[in-house]
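The values are calculated or read from the model by the stated rules, or taken from the named source; none is laboratory data. These numbers were taken from a predicted model, which means no experiment stands behind them. Note: ideal-geometry Cβ built from the backbone for every residue, glycine included; neighbour counts use all protein chains shown.
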């Protein structure tokens, strides 16, 4: 675990933030940014989802910021794991892809916000300040044609992309098989698909499924 002195929001209180990212250069750049702009933040870093969950067993930070692309599971799965164990902990997803579809999926999965790594440092810090103050921050709105999935629909679509049959999806999500079929019908309508394969292809095209 790396600990770096960092940030101070408008409340002037010292806060602790967990950064989950497997790119050392980004983590180092984030630490440099907070030292300069928010010197009362304390940053803890994890390089994988499993390391982050281990760290959360012993502490609860004020905010977790998780990269969408991680070496073990993706940021969406980590978001679900964190909120299942720490429901009051606000989680922000970050990505190098400034993609409206990723923003839509982040919101549907219950994230407190989404931040593109391409944003300037001052904008990133301002967004984090807003999230720490209780706001939800997802940046630019998705195009009108972008389907908006519920958290459950996003889970079903992700499992569909992994090749799971209805019975497997039912067991993994703890829902009835008829409910799985209902979610699939809704997904097909939202994505303009007539088959499971078309739904997966369309979901990948829109960025609703990690590639």
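In contact with a helix residue (DSSP H, G or I) (Cβ under 7 Å, 6 or more places away or on another chain) and in a helix (DSSP H, G or I), is that true of residue 203?
Values: in contact with a helix residue (DSSP H, G or I) (Cβ under 7 Å, 6 or more places away or on another chain): yes; in a helix (DSSP H, G or I): yes.
For residue 203, the condition - in contact with a helix residue (DSSP H, G or I) (Cβ under 7 Å, 6 or more places away or on another chain) and in a helix (DSSP H, G or I) - is met.
Would you confirm whether any residue within the range 12-22 is over 21 Å from residue 122 (Cα atoms), modelled with pLDDT under 95 and surrounded by 14 or more Cβ atoms within 10 Å (Cβ to Cβ)?
Filtering the range 12-22 down to residues over 21 Å from residue 122 (Cα atoms) leaves 22.
Still in the running and modelled with pLDDT under 95: 22.
Narrowing further to those that are surrounded by 14 or more Cβ atoms within 10 Å (Cβ to Cβ): 22.
Scanning the range 12-22, I find at least one residue that is over 21 Å from residue 122 (Cα atoms), modelled with pLDDT under 95 and surrounded by 14 or more Cβ atoms within 10 Å (Cβ to Cβ), so the answer is yes.
Give the residue, chosen from 168, 122, 186, that is part of a helix (DSSP H, G or I) and surrounded by fewer than 13 Cβ atoms within 10 Å (Cβ to Cβ). Outline the logic, then answer.
Numbers: 168 fails: surrounded by fewer than 13 Cβ atoms within 10 Å (Cβ to Cβ); 186 fails: surrounded by fewer than 13 Cβ atoms within 10 Å (Cβ to Cβ).
Being part of a helix (DSSP H, G or I) and surrounded by fewer than 13 Cβ atoms within 10 Å (Cβ to Cβ) holds for just one of 168, 122, 186, which is 122.
Tally the residues that are under 11 Å from the mean Cα position of the chain (by Cα) and either surrounded by 18 or more Cβ atoms within 10 Å (Cβ to Cβ) or outside the structural domain of residue 14 (by TED's automatic domain parsing) (or both), restricting the search to the range 52-69.
Selection size over the range 52-69: 5.
Can you report the number of residues in the range 78-104 which are part of a helix (DSSP H, G or I) and without any contact (Cβ under 8 Å) to a residue 40 or more places away in the chain?
Initial filter on the range 78-104 (part of a helix (DSSP H, G or I)): 78-85, 100-104.
Filter once more, keeping what is without any contact (Cβ under 8 Å) to a residue 40 or more places away in the chain: 79, 81-85, 103.
Adding up the residues that qualify gives 7.
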